[in-house]
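Visitor: Below is the structure I would like to discuss, written out as C-alpha cells.
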Amino acid sequence: MLMSLEVMLNAAGLAFVAAGGRWAQADGQVMFLFVLSVAAAEVAVGLALVLRLYKRTLSLDADAASRLRG
Amino acid sequence: MQAAFYLAGAVAVASTALMVTRLNVVHALLYLVLSLIAVAVAFFALGAPLVGALELIVYAGAIMVLFVFVVMMLNLGDEASEQERRWLAPGIWRLPLALGAVLLGGAVALVLPGDEAGAVQPVAPKEVAVSLFGPYAIGVELASMLLLAGLAGAYHLGWQRRARQPEEEVRDGLDTAGARPAAGRGAVRPGPRRPPRAA
C-alpha cells in the first residue's frame with residue numbers, strides 16, 4: 001500500500017514537472033519539491049505505523065487491524 | 001532527447017506494472033527503485049536537472065533505503081535468510097537487468113552530444129531557487145512544519161511501541177515471548193488464520 005502511494009505521488013510530481021517543462025516555468029519543479037517533502041513525511045509516519053502494526057498483530061495484513069479500541 | 005524521454009517513460013511504466021504484480025515484497029521494492037530511477041532519467045530528459053538529481057537522492061536513495069530497511073527488519077532469523085536465498089534464484093535477474101540496460105542506454109544517449117532540434121528548454125536550478133524562495137516562501141515554511149510534524153509523529157509512534165508494548169500485548173491476548181519466534185514463518189499472513197500462540 002505504501003509503495004503504491006509512493007508511485008501515485010511520484011506520478012503527480014512527474015505531471016507537475018512535465019507541465020513546468022512544457023511552458024519553461026520553474027513552478028512545476030517547485031511543486032515537485034513540495035510533493036517530495038510530503039512523500040518523505042508520509043513515509044516516515046507510515047513506516048512507523050507498519051512497524052507498530054506488525055508488533056501488534058504479527059502480520060502485515062491491513063485487514064488484521066480491523067478492530068478499533070477506544 | 002525525445003527518444004530518451006519515451007524510453008525512460010516506457011521503462012518506468014513497465015517496472016511499475018511489474019512492481020504492482022510482484023507477490024514478493026523485496027522484489028516489488030527493487031522494481032520500485034528501478035521505476036524511480038527511470039522517472040529521474042525522464043526528468044533529466046525533460047530539462048529539469050535539479051529535480052532529477054533530487055529524485056535520485058531523496059526517493060531512490062533515502063526513502064527506498066528506509067523501505068528496504070523496514071522490510072528486512074520485519075522478518076529476521078535463519079528461515080528468513082533461507083527464504084531470501086530461494087528468492088535470489090539466478091533467473092530472477094534477467095528482466096530487471098534488461099530494463100536497467102534499456103534505461104542506461106537512454107541515459108547515455110541523453111549525455112552524448114546529439115541533435116538539439118527537438119530539445120526542450122531546460123529550467124536551470126537557479127530559476128527554481130528564485131521561484132522557491134520568492135513567491136513560494138510560505139510553501140517552504142509549510143513544508144518545514146510538515147516535515148517537523150512527520151518527524152515528531154514517527155518518533156512518537158516508534159517510542160510508544162517500546163514503552164507500552166507489554167500491557168497492550170497482554171490486553172490483546174497476544175503473548176510476545178511466545179509469538180516472537182513465529183515471525184520467521186513469513187512476513188505476510190492473513191489475520192484470521194494466525195497460528196495460535198506457542199505455549
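The values are calculated or read from the model by the stated rules, or taken from the named source; none is laboratory data. On a predicted model such as this, the values are computed, not experimentally measured, just so you know. Reconstructed Cβ throughout: ideal geometry from the backbone, glycine too, with neighbour counts over all protein chains shown. With ligands, DNA and RNA removed, areas are computed over all heavy atoms of the protein, side chains included. Shrake-Rupley method; radii C 1.70, N 1.55, O 1.52, S 1.80 Å.
Visitor: Checking the condition of a type outside the set (V, I, T), within 19 Å of A:E42 (Cα to Cα) and either within 11 Å of the chain's Cα centre (by Cα) or open to solvent by less than 30 Å² (accessible area, probe 1.4 Å) (or both), which residue from B:L34, B:L29 passes? Please lay out each step first, then the result.
Guide: Details: B:L34 fails: within 19 Å of A:E42 (Cα to Cα).
Residue meeting the stated conditions: B:L29.
Visitor: Just to confirm my filter: which helices (runs of 4 or more DSSP H) fall fully inside the range B:39-137 and include at least 3 residues that are modelled with pLDDT of 80 or more?
Guide: B:49-54, B:64-74, B:94-111, B:125-133
Visitor: In addition: With respect to A:A41, determine if the residue is touching a His at 6+ places or on another chain (Cβ under 9 Å) and at pLDDT 80 or above.
Guide: Considered against the rule, which asks whether it is touching a His at 6+ places or on another chain (Cβ under 9 Å) and at pLDDT 80 or above, A:A41 comes out as no.
Visitor: Output the residues belonging to the range B:1-25 that are assigned to a helix (DSSP H, G or I), within 15 Å of the chain's Cα centre (by Cα) and either surrounded by fewer than 17 Cβ atoms within 10 Å (Cβ to Cβ) or not β-branched (V, I, T) (or both).
Guide: Hits for the range B:1-25 are B:A12, B:S15, B:A17, B:L18, B:M19, B:V20.
Visitor: Just checking, how many residues over the range A:1-15 are under 15 Å from B:G47 (Cβ atoms) and more than 9 Å from chain B (Cβ to nearest Cβ)?
Guide: 0
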